[in-house]
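Engineer: Take a look at this one; I'll ask things after.
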Amino acid sequence: MQFLQTLGIEKENRGVSTGLTWLGGGKGPMIDVVSPVDGHAIAGVFTATPAEYDRAATAARRAFLRWREVPPPRRGDIVRRIGQQLRIYKKPLGALVSYEMGKSLQEGLGEVQEMIDICDFAVGQSRQLYGYTMASERPEHRMYDHYHPLGVVGIVSAFNFPVAVWSWNAMLAAVCGNASLWKPSSKAPLSAIAVQHILADVLRENDDVVPEGLFSLVIGSGSSVGQRLLEDERVPLVSVTGSTRVGRHAAQVVAGRFGRTILELGGNNAIIVTPAADLPMAVSAIVFGAVGTAGQRCTSTRRVIVHADIYDRVAASLTRAYAGLRIGNPLDENNHMGPLIDTAAVADYQRALAQVVAQGGQVLCGGGVMEGPEYASGCYVQPTICAVENNLAIVQDETFAPIVYLIRYRGDVSNAITLQNDVPQGLSSAIFTNDLREAERFLSAAGSDCGIANVNIGTSGAEIGGAFGGEKETGGGRESGSDAWKGYMRRQTTTINYGRSLPLAQGISFDI
Ligand code: UN1
């Protein structure tokens, strides 16, 4: 466990930081972080007291007031340095993510790569905070819009992407001139502490431009720290990744004070497989999408909607592929899938499977909890395939586990699209087909209703260059690429009169 030392993780860690200063010397309750990989206690984290939360939020607000005046490309230069630092620490940080929350090492490294990628993206963005220039209807007038920094951005991240989601938000927020205040999941706080340590050199070497508080961290429970953050008038935007239940509460509290939210909530992502699909490709995509991160990505493949003519073939290929999956320590690169986050998640997995059966579905393969010395943490489960109808209550719900539902469709691709859209969530979706008409139908206005719609690619593993997020109960927010940066700024419309008279818009005359 050399990576723990490399990343500055100690037996007991303070859980509040304003950058170079650590607060939280042991007054708040302690979280004992246990690895789902081997059940060992990794380290303890002291959570924030209300007073410590307040100090961090005050520091973040103060940092914003200075940082907003730093020219954006100069801000981008700091983000570039953060990206460099992440390159140096990619391996140990990827390993810690894997050990703390259980995703495979490959995916842990991929998550850190996602951080590096968003840094690069944000550096470029720092020179491109474009607004439009509009044509004024009045003579000798000029009109344009201008994007200004917003303030402190609250970032509530989930255990499944304990570091990447922070970076999508924090790096864009930073180039846009904002400070950020990060509340990571209390199920994966060590990865957040490690990131804060990784930033330290950059902050120290650039303390002439980077104010203390620019990247602040507050670890604590949802009811103490989380609720405080949602209610905090100093935080004009809160970006929340988590369950629909958490997001609905956050949206209401923040809207109650006219704050903004960016919500990235549950998904119930489907892959449609039509008779015109390349089946081996479709099967690979389904397996990665369903078992990657042990089915705990928001974008995990939860439903596979297959044409009746090829249903049996797809079911057989999938079952064969599942039989070859190796489950075990995710740091061992021979394994495909690691554990779930904790034993409560295992109980959810078991409960969901019991409901599948009770509601008339069928478990085709898997369905059990792994036993044996390698699985002593009690968090390892078998990846599972079920045959179901789309309208079962359990299928309409997001279960954060490696359970994939096979659903049959008949006739035209529009029937598959109807099934795919017939769930409350709307994050990611995909179709496997080599038929242009089917693909374009799926992408059309009458097609997928999700924020992400892929052709011949699975539902998970989006690149950072596109806007990430979804519709309906997924919350409607967009993070990461495209023009998601605009969500972190306030738009100002300016009209300038360079003439000698004062014509009114809409031709109104008003003489005094
Ligand atoms: C999430 O699960 O919250 O598209 C994020 C993906 C990753 C991000 C998932 N790039 O699967």
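Engineer: Using the count of nearby Cβ atoms within 10 Å as a rough guide to exposure, how do L504, L331, L93 rank from fewest to most?
Structural biologist: On the way: L504 9, L331 20, L93 25.
Ordered from fewest to most neighbouring Cβ atoms within 10 Å, L504, L331, L93 come out as L504, L331, L93.
Engineer: Okay, next question. Give me the dipole magnitude in Debye, nearest 20, for the chain about the Cα centre, with unit charges on the beta carbon: positive for Lys and Arg, negative for Asp and Glu.
Structural biologist: Details: 45 positive and 50 negative charges, 216 e Å.
So the dipole magnitude of the chain works out to roughly 1040 debye.
Engineer: Moving on to the next point. Rounded to whole Å, give me the distance from the Cα center of the stretch 174-223 to that of the stretch 237-281.
Structural biologist: 24
Engineer: Give me a comma-separated list of calculated 3J(HN,Hα) values for the stretch 197-213, in order, Karplus coefficients 6.51, -1.76, 1.60 applied at θ = phi - 60°, integers in Hz, x for any Gly or Pro.
Structural biologist: Listing the rounded values in order: 5, 5, 5, 3, 4, 5, 5, 5, 5, 10, 6, 6, 10, 9, x, 4, x Hz.
Engineer: When the helices in the chain are scored as -39500 (n - 2.57) per DSSP H run of 4 or longer and the sum is shared across all residues, what 222 nm value do you end up with, to the nearest 500 deg cm²/dmol? Each step should come with its number before you reach the end.
Structural biologist: Numbers: 14 runs with 179 residues, N = 512.
Value at 222 nm, helices only: -11000 deg cm²/dmol.
Engineer: Suppose R0 equals 30 Å. What FRET efficiency, 1/(1 + (r/R0)^6) with r the Cβ-Cβ distance, do L20 and H40 give to the nearest 0.05?
Structural biologist: It comes to 0.50.
Engineer: Between the helical axis of 164-175 and the dominant principal axis of the chain, each derived from Cα atoms, what acute angle in degrees is found, rounded to the nearest 10?
Structural biologist: 10
Engineer: Same structure again: Would any residue of the stretch 54-85 have its amide N under 11 Å from a label point 7 Å out along Cα→Cβ of H148? List them or say none.
Structural biologist: none
Engineer: Between A344 and A387, what length comes free when the chain is fully extended (0.36 nm per residue of separation minus the Cα-Cα distance, one decimal in nm)? Kindly include the intermediate steps, with their values, before the conclusion.
Structural biologist: Details: separation 43, 0.36 × 43 = 15.48 nm, distance 2.46 nm.
That pair, A344 and A387, stretches by 13.0 nm at full extension.
Engineer: Rounding to the nearest 20 debye, state how big the charge dipole of the stretch 270-455 is about its Cα centre with +1 on each Lys and Arg Cβ and -1 on each Asp and Glu Cβ. Could you put the intermediate results ahead of the total?
Structural biologist: Numbers: 11 positive and 18 negative charges, 39 e Å.
With only Lys, Arg, Asp and Glu charged at Cβ, the dipole is about 180 debye.
Engineer: Compute the distance in nm between two label points, each set 7 Å from the Cα along the Cα-to-Cβ direction, one at A135 and one at V369.
Structural biologist: 6.9
Engineer: List V304, V388 from most exposed to least, where exposure is judged by having the fewest other Cβ atoms within 10 Å. Could you put the intermediate results ahead of the total?
Structural biologist: Working: V304 27, V388 22.
Ranking V304, V388 by Cβ neighbours within 10 Å, fewest first, gives V388, V304.
Engineer: For the stretch 270-455, give me the percentage of DSSP beta bridges that are antiparallel, rounded to the nearest 5 percent.
Structural biologist: On the way: 4 of 26 bridges.
Of all bridge pairs located within the stretch 270-455, approximately 15 percent are antiparallel.
Engineer: Let me ask something else about it. Would you order I327, I457, I155, I341 from fewest to most other beta-carbon atoms within 10 Å of each residue's own beta-carbon?
Structural biologist: On the way: I327 21, I457 17, I155 29, I341 25.
Least to most surrounded, the residues fall as I457, I327, I341, I155.
Engineer: Taking amide H atoms as placed 1.01 Å from N in the peptide plane, list the residues 5 or more away in sequence, or in a different chain, whose amide H sits under 5 Å from that of T474.
Structural biologist: Hits under the 5 Å cutoff: G426.
Engineer: Then there is this: On a 0 to 90° scale, report how tilted helix 279-291 is relative to the longest principal axis of the chain, with both axes built from alpha carbons and the result rounded to the nearest 10.
Structural biologist: 70
Engineer: Please compute one quarter of the surface area of the Cα convex hull for the stretch 55-186 and express it in square nanometres. Walk me through the numbers on the way to the answer.
Structural biologist: Details: hull surface 39.6 nm².
It is 9.9 nm².
Engineer: Please report the antiparallel percentage of DSSP beta bridges with both residues in the chain, rounded to the nearest 5.
Structural biologist: So the antiparallel bridges in the chain amount to around 40 percent.
Engineer: Would you please give the FRET efficiency between I88 and E10, computed as 1/(1 + (r/R0)^6) with r the Cβ-Cβ distance and R0 = 35 Å, to the nearest 0.05? Write out the running numbers ahead of the final one.
Structural biologist: Numbers: r = 20 Å, r/R0 = 0.59.
It comes to 0.95.
Engineer: Turning to a different aspect of this structure: As an exercise, use a Förster radius of 56 Å and the Cβ-Cβ distance of D412 and A200 to find the FRET efficiency, rounded to the nearest 0.05.
Structural biologist: Numbers: r = 58 Å, r/R0 = 1.03.
After rounding, the FRET efficiency stands at 0.45.
Engineer: Could I ask something else about it? For D312 and A445 in one chain, what is 0.36 nm times their gap in residues minus the Cα-Cα distance, to one decimal in nm?
Structural biologist: Values: separation 133, 0.36 × 133 = 47.88 nm, distance 3.09 nm.
Stretched out fully, the D312 to A445 stretch lengthens by 44.8 nm.
Engineer: Also, I was wondering about something else. Can you check what the Kirkwood hydrodynamic radius comes to for the stretch 431-495, Cα pairs only, in Å to one decimal?
Structural biologist: On the way: mean 1/r = 0.0726 Å⁻¹.
13.8 Å is the Kirkwood radius here.
Engineer: In whole angstrom, how far apart do the alpha carbon centroids of the stretch 282-333 and the stretch 78-102 sit?
Structural biologist: The two parts, judged by their Cα centres, are 28 Å apart.
Engineer: Please give the contour-minus-distance gain from L502 to Q106: 0.36 nm per residue of separation, less the Cα-Cα distance, rounded to one decimal in nm.
Structural biologist: Numbers: separation 396, 0.36 × 396 = 142.56 nm, distance 6.40 nm.
Result for the pair: 136.2 nm of gain on full extension.
Since every read-out is calculated from the coordinates, none of them should be taken as a lab result. Quick caveat: nothing in here was measured; it's all calculated off a predicted structure. Methodologically, a virtual Cβ is constructed for each residue, glycine included, from the backbone with ideal geometry; neighbour enumeration extends over all protein chains shown.
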